[in-house]
1. Can you work out which of the residues in the range 14-41 that are among the small types (G, A, S) and at pLDDT 75 or above is surrounded by the fewest Cβ atoms within 10 Å (Cβ to Cβ)?
2. Might you let me know whether the range 191-209 holds any residue that is touching a Leu at 6+ places or on another chain (Cβ under 9 Å), under 30 Å from I8 (Cβ atoms), not in a helix (DSSP H, G or I) and not β-branched (V, I, T)?
3. Can you name the number of the only condition in (1) in contact (Cβ under 8 Å) with a residue 40 or more places away in the chain; (2) polar (S, T, N, Q); (3) open to solvent by 20 Å² or more (accessible area, probe 1.4 Å) that S224 fails?
4. List the number of the failed condition for I81; all other conditions in (1) within 17 Å of D25 (Cα to Cα); (2) more than 18 Å from the chain's Cα centre (by Cα) hold.
5. Check I138 against each of (1) hydrophobic (A, V, I, L, M, F, W, C); (2) open to solvent by less than 60 Å² (accessible area, probe 1.4 Å); (3) modelled with pLDDT under 90 and name the one condition it does not meet.
6. Can you tell me which residues in the range 150-182 are in a helix (DSSP H, G or I) and among the aliphatic types (A, V, I, L, M)?
7. Show the residue pairs meeting these rules: Cβ distance below 7 Å; 6+ apart or different chains; first residue within the range 270-289 and over 22 Å from M152 (Cα atoms) and surrounded by 24 or more Cβ atoms within 10 Å (Cβ to Cβ); second residue at pLDDT 85 or above and of a type in the set (S, T, N, Q).
8. Going residue by residue through the range 106-116, is there one that turns out to be at pLDDT below 85 and closer than 22 Å to D25 by Cα?
Amino acid sequence: MLDLLLLILTVTMALAFGFTNGMNDAANVMATPIYTRAMTPKQAVIVAGICNFVGAITGTAVAITISKGIVPNDEMTYSVIIGALCAVVLWGIIATKMGRPISLTHSLVSALAFSGVAAAGFGGIQWSGMLTIGLAVICAPLLGFGAAAILMVIIYWIFQRANPSKINTAFSRGQWFASAFMAYAHGKNDGQGPVGIILIAFILFTGDAAMWDEAIPMWIKVISGLSIAAGTAIGGWRVIKTLGMKVTNLRMVQGFAAQVGGASIIELASWLGIPVSTTHCITASVMGVGVVKRPSAVRWGLAKDIILTWLVTFPLCGSLGFIATSILNFFI
């Protein structure tokens, strides 16, 4: 009976994590098309919700990394999972209320790793997996920045003699594609977090470790996709305002380049099974297109505050996860 209750609690919290993730990361998909007026808020919500869902139910490489690439299989317990989820959901709600774009994916990674330490010492961390993710923390934003900046330069070069009004019309339509691509990539990477957590919960409940080597049931992907799509649809409007207006002033062309550049890096990471921060990638991409215009176009003070928030995420979520799991170990 206790195992069943723990299973239900874990699945519920995993879906809450997916919903919170979608709320904070709504800005990744919706901010640029809304504030460049390429889409109305209603249109952006529909595109984001549908494409996030589609992304979440396709591809499982990131879910497998989350489920067994951070904490060793034999050290994974309900207290580890629940403790990590408590930390992530709490931090996600706080950051969204503050209007701060954060990485819920890296929050989960950090919380899981330190929850593993609380349960089994430093043997509770899968060090090879953490090294890969750690490298992605550094490389993904840099690649997003570079990809968006290069794409912006190419667009400027190709359309340097084109009529400005025609350019705006073309890239206004292009932002529909860019937003759909960004939403899909977001779902395919961040949307796999709840999938991986629910998979672990059912492996613990059934005792069937072979599930790691089998196809993940579609219903797990569907409910996870619905949770993150719902969160995205409701949206963290304070975060949207921060990313869409305050980092730099975006136009149609810049919005297109930022989203396509960032989404391309996220899609590549998803194919490789590496959980990356969509927030890191798209924020860096927005900065990249701003720098191409001119370095002073980027509000570097705000960018510094966002980066500091990212840096705080790792020790904060790790500490919260460690404390929560340490407490739960006495009761579970």
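1. First, the residues of the range 14-41 that are among the small types (G, A, S): 14, 16, 18, 22, 26-27, 31, 38.
After this cut, where a residue has to be at pLDDT 75 or above as well, the list is 14, 16, 18, 22, 38.
Numbers: A14: 29, A16: 19, G18: 32, G22: 34, A38: 24.
It comes out as A16.
2. Within the range 191-209, not a single residue is touching a Leu at 6+ places or on another chain (Cβ under 9 Å), under 30 Å from I8 (Cβ atoms), not in a helix (DSSP H, G or I) and not β-branched (V, I, T).
3. (3)
4. Every listed condition holds for I81 apart from (1).
5. (2)
6. We begin by selecting, within the range 150-182, every residue in a helix (DSSP H, G or I); these are 150-158, 164-182.
The answer is I150, L151, M152, V153, I154, I155, I158, I167, A170, A178, A180, M182.
7. Close Cβ pairs (under 7 Å, with a partner that is at pLDDT 85 or above and of a type in the set (S, T, N, Q)) amount to S270/N189; P275/T65; P275/N189; V276/N189.
8. As a first pass, look at the range 106-116 and keep what is at pLDDT below 85: 106.
Keeping just the survivors that are closer than 22 Å to D25 by Cα gives 106.
Checked against the condition, which is being at pLDDT below 85 and closer than 22 Å to D25 by Cα, the range 106-116 yields at least one hit.
The values are calculated or read from the model by the stated rules, or taken from the named source; none is laboratory data. Computed from a predicted model, the values in this text were never measured in an experiment. Glycine also receives a Cβ, built like all others from the backbone with ideal geometry; neighbour counts cover every protein chain displayed. Keep in mind that these areas ignore ligands, DNA and RNA; they rest on the heavy atoms of the full protein, side chains included. Shrake-Rupley method; radii C 1.70, N 1.55, O 1.52, S 1.80 Å.
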